[in-house]
Amino acid sequence: MSTIGWIGLGNMGRPMTANLVKAGHTVNGFDVVPDAVTAAAADGVTPVGSIAEAVAGADIVFTMLPKGEHARAVYLGDDGVLANADTSTLLVDSSTIDFDSARELHKDAAEAGFRFIDGPVSGGVTGAQAGTLTFMLGGDDADVETARPFIEPMAGNIFHAGGEAAGQAAKIVNNMMLAISLEGVVEGAVLAQRFGLDPKAFYDIAKVSSGDSWPLRTWYPVPGVTETAASNNDFKPGFATALMHKDVGLALAGAESQGVDLPAASLVYAQLQKLVDEGLEGLDTTAIIKNIDPAAPGLPTKP
Ligand code: NAD
């Protein structure tokens, strides 16, 4: 079995590393928060105190960090991955970060003699625990094939989306489309109720009609309609508003750098921003219904 370096042992990194340990790998784990390292050690991760120790002797290094600025610091800093790892070590950034940072990391890693893959995931903490995440990989064919067996214990699906930053591009665009569809569903759910339609009766019609969509089927924002919806559970996440706000923000940042105007994404971002401004970023993203109907059934009266 192999030695894996892991940097970023938060909500996602901890269960992902636990699955690598279960698969028989030695995982040397580092986080700037010492408690996160201690918690991961309880799952069998070997705790280390620096990036340099995490990458030493590793066949592959994964990073699972909040944002592009953290990924840039961890890879490009003086005490970072490129300064300390051996160039034979394959590098995989599984954080969800902006497209431009992902391209910069590919470029700087290649210039320093490293193989680098961007590999963001979807599936949330439950998918990370179950080892069923979807990985979207951007990089060279050979590098992706080398990474694949290391990723398998954490994954339900592994897609090679394309070349550099293609994984981030796929993740960002998918989540932007989800957010836009969700806005349609919450607006529809409120208007249907105001028209006096029974929510379940309307759901059953829309689900087999042209108004159907993934958020309609999976996240219908009215309690008692579809089992998988956070509306049944006081809008606890699920998929937190903070994460959707971040992902739509990444889409808008990418659109700006590509010179594309995205009016619907801008509108949804403003709707998500309202929840963030009210301190509701910890609620499920379907709580966006609050902007349309502040008294929508199931919304908590206090965050
Ligand atoms: P998190 O904030 O729980 O964990 C990130 C960890 O990185 C933290 O423990 C933090 O201390 C650590 N960190 C930050 N800077 C560091 C540094 N310089 N050196 C070492 N460690 C550092 O976040 P998360 O929920 O685990 O998400 C990680 C990434 O995965 C994010 O990009 C997120 O958008 C993405 N993601 C999250 C989910 C989810 O449901 N949580 C789902 C899909 C994708």
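The values are calculated or read from the model by the stated rules, or taken from the named source; none is laboratory data. None of these values were measured; they are calculated from a predicted model. Cβ atoms come from the backbone with ideal geometry, glycine included; neighbour counts cover every protein chain shown. Note: areas computed on protein heavy atoms with side chains; ligands, DNA, RNA excluded. Shrake-Rupley method; radii C 1.70, N 1.55, O 1.52, S 1.80 Å.
Listing for the model above:
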| quantity | calculated |
| --- | --- |
| Cα gyration tensor shape for the stretch 109-186, rounded if a/c is under 1.5, else prolate or oblate | oblate |
| Gyration tensor verdict on the chain (Cα atoms; rounded if a/c is under 1.5, prolate if a/b is larger than b/c, oblate otherwise) | prolate |
| Accessible surface of the stretch 169-292 [probe 1.4 Å, protein heavy atoms]: carbon and sulfur percent | 58 percent |
| Note, ³J(HN,Hα) from phi for the stretch 85-99, Karplus 6.51, -1.76, 1.60, rounded to Hz, x at Gly and Pro | 7, 7, 5, 6, 7, 7, 10, 10, 9, 9, 5, 8, 9, 5, 4 |
| Within a Gaussian network of the chain (alpha carbon springs, distance under 10 Å), most fluctuating of Gly259, Gly80, Gly29 | Gly259 |
| Set of aspartates and glutamates with alpha-carbon distance to Lys22 below 13 Å, sequence-local pairs under 8 removed | Asp43, Glu152 |
| Pair Ser257, Lys236: separation of 7 Å Cα→Cβ label points (nm) | 3.7 nm |
| Pair Ser88, Trp214: separation of 7 Å Cα→Cβ label points (nm) | 4.0 nm |
| Dipole magnitude (debye, nearest 20) for the stretch 3-163, charges at Cβ of Lys, Arg, Asp, Glu | 440 debye |
| For the chain: accessible area per residue (Å², 1.4 Å) | 44 Å² |
| Which of Met244, Ala255, Leu178, positive extreme of dipole for the stretch 169-292 (C-beta unit charges) | Leu178 |
| Per-residue ³J(HN,Hα) for the stretch 251-262, Karplus 6.51 cos²θ - 1.76 cosθ + 1.60, θ = phi - 60°, Hz, x for Gly and Pro | 5, 5, 5, x, 5, 5, 5, 8, x, 10, 8, 10 |
| Estimated inter-spin distance, Asp35 and Glu278, nm [label 7 Å along Cα→Cβ] | 2.9 nm |
| Heavy-atom accessible surface of the stretch 3-163: percent carbon and sulfur, 1.4 Å | 50 percent |
| Contact order normalised by residue count of the chain, Cα under 8 Å, 6+ apart, percent | 12 percent |
| Part-to-part distance (alpha-carbon centres) for the stretch 225-303 and the stretch 55-102, which is given in Å | 29 Å |
| For the chain, built as a Gaussian network whose Cα springs stay under 10 Å, the top-fluctuating residue of Gly162, Gly249, Gly196 | Gly196 |
| Rounded to 5, the percent of DSSP beta bridges in the stretch 14-167 classed as antiparallel | 15 percent |
| About the Cα centre, charge dipole magnitude for the chain (Lys/Arg +1, Asp/Glu -1 at Cβ), debye | 920 debye |
| Counting DSSP beta bridges with both ends in the stretch 59-138, the antiparallel % (nearest 5) | 30 percent |
| Antiparallel %, DSSP beta bridges [both residues in the chain], to 5 | 15 percent |
| Protection proxy ranking, peptides 88-95, 15-22, average beta carbon neighbours within 10 Å, highest first | 88-95, 15-22 |
| Set of lysines with alpha-carbon distance to Lys236 below 26 Å, sequence-local pairs under 8 removed | Lys67, Lys171, Lys200, Lys207, Lys246, Lys274, Lys290, Lys302 |
